Ligand SMILES: NC(=O)c1ccc[n+]([C@@H]2O[C@H](COP(=O)([O-])OP(=O)(O)OC[C@H]3O[C@@H](n4cnc5c(N)ncnc54)[C@H](OP(=O)(O)O)[C@@H]3O)[C@@H](O)[C@H]2O)c1
C-alpha cells in the first residue's frame, strides 16, 4: 500500500506530520494553505506543489487522503469540502465545534463509504496503553471517581499564532486529550452533571480569550465512573497538574501523568492499592513513541483493506458532544444529557480496554514468560528478611513472575498478598515453585506440592522445580518455615549428622525427575523446571524425560554467565531463568557496567538485567528497596548492542565462587 496525501494547513503541526510521514508508506502529494508563503515553504521542503485554495488543490491533486491540519474553527468546513470531493479525511482535533456538524460529517462519510479519522490518537500512546492494561486487569476494582486536568497554559506565551486557541477556549483543544482517552476506556458520557466557567486572564495580556479561559465540569459515564474535568488557559502548563488523570476504584488507584503524552517514561503511570503508596509501573519491553503520521497510516490501511474506518471519527464526534454539553451546563447551571447531541446513527464503539497480554515478552522460545521476575527468597547476607512489603511493591510495579520456593518459607504470605484487594489476578502471574531437596521422595514431594499450592492459594503452579538436582534426607515437612525460629528452619532444611556434615539421600536425579513428572500428571503444575543443574545433569534429564523441562534456573551474572548451558537450553527450546543476578560480590562496582550504564541511562544493576534480557534470559532479581524494584523492572525494556554484550561477557571469571 502506497498512498498519496494532500495536506490542508501548513502551520507548525503540518511540519511535524510531514516529517513523520517519511517513515510511513504514505507520501505528500501537495500542500494547501490560505497563507501562500507557508504553503510554498512546506511544499518546497517536500518537493510537491502548493496551493492557496482548497477547491483548486483538490482539482489538481488526486490524493485519496486529505489531512486536515487547519486551525480549530476551520476543521469542519475543510473536512466537508474534502468528503464532498470523495476524499478520505484525517482531521486534527476537534472534528467540529458543534456536535450536529460533526454528526453531519460522519453521515456524509458513511453515505460515501469514506474513512473519517480524527486526532488525538492518544489511546494508542505507550503510557496510555500501559495504563489501559492496568485498568483492564481489574486491579482498581469498579472505578467510581476520576480527576482529569488539561492545563493548556497561556497560549499567548507558547504558541506563535495563539488566535485560533483564544477563539475556542481550552475545552476544544486541551480537554479533548483526557476526554478522548476516557471515552475510549469507559465509553460514552451520559450526563454533564454540573459545569462552571470563568473568564480569568491576566490584565496585562494584549489579547483575551473569546471563550471562557477556565472550565470545570463533572461528567457521568454511562458505564459508571464520574470524572471531574478541569480545562484551563489560566493555570500554567507548568502547574503541578498538567495533563494528569487520576482514577479511583474500590480496590486501587491509577495515575497517568500525561493523557496526551506520545512517548513514555518510567513513572508516568502509577498504580496504588488502597492503603498503599503509588508505585511506578514502567514499560517492560522496548517502546517507541507514537508519531503523528501513524494514525494517518492506519486510516490509509483501512482504505486499502476496503473497510474505510470512521471509528475515531465517531469517538471524536462524541467528544465534541461532551464539550457542547459542558458549555450548555455552564450556561444553564444544570445537568445536561449528552445523548441529546446525537452525532451519528452509527452505534458508538464500546470501550477498547480489553484484558491484554503483559508488556513485552517478544520471546521466540518455547514458553512465554514475562521478561523479568521477582525473587521471593528471604535469605539475604546470612540473615532472613521479611519480604511482604517488597513483594507487594513488585506486584504493584508490574512484575508478573514470582520466583517462590518452599525453602523460602513465605508461600502463605505470598498467597495472602495475591488474595488481597488490588492484587493482580493470580492467573495473570507466572508462579514458579520449587520442591526442596529433602522432599525428593514421591510421598514427600506430593505432600510438599499440595501444601505449597494451598498456601499460595492457587490450583496449579505455572512451573514446579527441583530446587537442586541432588537429594538430602528428609527431617520433616517444611510448612510455613518463616513462622519457625531460625534454628528449627535450618535443622529441617539442612540435615546434618553429628559431625556437621550434610546427609545426602540415595534418590537419583532420574527418580526425582520422574516424581516431578507425576506432579505434572496430577495437574499440579503446567510445566517443569530444574534449578542449579550442570550441563551433564541437564543432558541426563533430557535423555530420559517423558516431560521435558520448560525452564532451567541457574545462577547467572556477568562473572558466571554459563553461556554454554544457556546455548544448550535455547537449542532445546528451554527458557533460562537467571537467579542471583546482582548479588555477586563486587559486580555492581564494575567500571565496565558503570560506563555502559552511563550510555544507556541505567545503573550497573540495570545493565546486568538488560544484558540478561538481551541474551533472552529472564532475570529474577530480588530487592527490598522500592526504587530498585522499580528501576530493575524499567531496565528490561533496554536491549544492549553487540559491542556492549561483548564487553560484559568478557567480565567472566573462570571458577567463580561466592
Ligand atoms: N534456585 C536457587 O537455588 C536460587 C538461589 C539463589 C537465589 N534464587 C532466586 O533468585 C532471587 C535473587 O537472588 P538473590 O536474592 O541472591 O539476590 P540478587 O537479586 O542477585 O541481589 C539482591 C541484592 O542486590 C541489591 N540490589 C537489587 N537491585 C539493585 C539495584 N538496582 N541497585 C543496587 N543494588 C540492587 C539488593 O539490595 P536492595 O534490597 O537494597 O535492593 C540485594 O542486596 C532470590 O530471591 C531467589 O528467588 C534462587
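The values are calculated or read from the model by the stated rules, or taken from the named source; none is laboratory data. Because the structure is a prediction, the values reported are computed rather than measured. Don't worry about glycine lacking a Cβ; one is built from the backbone with ideal geometry, like all the others, and counts go over all protein chains shown.
Determine whether region 74-97 contains at least one residue that is on the phi > 0 side of the Ramachandran plot and out of contact with any helix residue (DSSP H, G or I) (no Cβ under 9 Å at 6 or more places or on another chain).
yes
When you scan region 427-458, how many residues do you find that are farther than 19 Å from residue 492 by Cβ and either in contact (Cβ under 8 Å) with a residue 24 or more places away in the chain or in contact with a strand residue (DSSP E or B) (Cβ under 9 Å, 6 or more places away or on another chain) (or both)? Residues in region 427-458 being farther than 19 Å from residue 492 by Cβ and either in contact (Cβ under 8 Å) with a residue 24 or more places away in the chain or in contact with a strand residue (DSSP E or B) (Cβ under 9 Å, 6 or more places away or on another chain) (or both): 10 in total.
Looking across region 539-557, just one residue is under 17 Å from residue 649 (Cβ atoms) and assigned to a loop (DSSP other than H, G, I, E, B), and that is 556.
Among the residues of region 228-262, not one is more than 29 Å from residue 291 (Cβ to Cβ), under 18 Å from the mean Cα position of the chain (by Cα) and not in a strand (DSSP E or B).
Of all residues in region 93-130, how many are assigned to a loop (DSSP other than H, G, I, E, B), more than 26 Å from the chain's Cα centre (by Cα) and farther than 21 Å from residue 307 by Cα?
Counting residues in region 93-130 that are assigned to a loop (DSSP other than H, G, I, E, B), more than 26 Å from the chain's Cα centre (by Cα) and farther than 21 Å from residue 307 by Cα gives 4.
From (1) assigned to a helix (DSSP H, G or I); (2) crowded, with 22+ Cβ neighbours inside 10 Å, pick out the condition that doesn't hold for residue 157. Only one criterion is unmet by residue 157, namely (2).
Pairs are defined by a Cβ separation below 6 Å, a sequence spacing of at least 6 or placement on different chains, a first member in region 190-206 that is without any contact (Cβ under 8 Å) to a residue 40 or more places away in the chain and assigned by TED's automatic domain parsing to the domain that holds residue 154, and a second member that is outside any loop (DSSP other than H, G, I, E, B) and surrounded by 13 or more Cβ atoms within 10 Å (Cβ to Cβ); the pairs so defined are 198/214; 200/214. Note on region 441-467: residues that are within 16 Å of the ligand (Cβ to nearest atom) and farther than 13 Å from residue 406 by Cα amount to 2.
Candidates 67, 89: the one that is outside any helix (DSSP H, G or I), within 31 Å of the chain's Cα centre (by Cα), without any contact (Cβ under 8 Å) to a residue 60 or more places away in the chain and crowded, with 16+ Cβ neighbours inside 10 Å is 89.
Just one of the listed residues (630, 617, 608) is under 17 Å from residue 369 (Cα atoms) and modelled with pLDDT of 95 or more, namely 617. Just to check your reading of the model, which residue among 530, 552 is in contact (Cβ under 8 Å) with a residue 40 or more places away in the chain and within 11 Å of the ligand (Cβ to nearest atom)? Just a single option satisfies the conditions, and that option is 530.
Every listed requirement among (1) surrounded by 22 or more Cβ atoms within 10 Å (Cβ to Cβ); (2) under 22 Å from residue 292 (Cα atoms) is met by residue 58 save one, (2). Each residue in region 131-154 was checked for being farther than 25 Å from residue 320 by Cβ and not in a helix (DSSP H, G or I), and 7 pass. Residues that are within 23 Å of the chain's Cα centre (by Cα) and more than 24 Å from residue 136 (Cβ to Cβ) within region 390-421 comprise 390, 403, listed in sequence order.
Against the list (1) crowded, with 23+ Cβ neighbours inside 10 Å; (2) at pLDDT below 95, the condition residue 269 fails is (2).
So that you can scan it fast, the table gives a plain yes or no per residue for (1) touching a residue at least 24 places away in the same chain (Cβ under 8 Å); (2) in a loop (DSSP other than H, G, I, E, B); (3) out of contact with any strand residue (DSSP E or B) (no Cβ under 9 Å at 6 or more places or on another chain):
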position: 17; (1), (2), (3): yes, no, no
position: 27; (1), (2), (3): yes, no, no
position: 30; (1), (2), (3): yes, no, no
position: 38; (1), (2), (3): yes, no, no
position: 42; (1), (2), (3): yes, no, no
position: 48; (1), (2), (3): no, yes, no
position: 55; (1), (2), (3): yes, no, yes
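Within the option set 584, 634, being touching a residue at least 60 places away in the same chain (Cβ under 8 Å) and within 20 Å of residue 381 (Cα to Cα) holds for one residue only, 584.
Checked against the criteria, residue 614 counts as surrounded by fewer than 19 Cβ atoms within 10 Å (Cβ to Cβ), closer than 19 Å to residue 399 by Cα and touching a residue at least 24 places away in the same chain (Cβ under 8 Å). Elements of the type helices (runs of 4 or more DSSP H) sitting completely within region 558-658 and holding at least 3 residues that are in the same structural domain as residue 388 (by TED's automatic domain parsing), within 11 Å of the ligand (Cβ to nearest atom) and more than 23 Å from residue 367 (Cβ to Cβ): these cover 604-614, 626-635.
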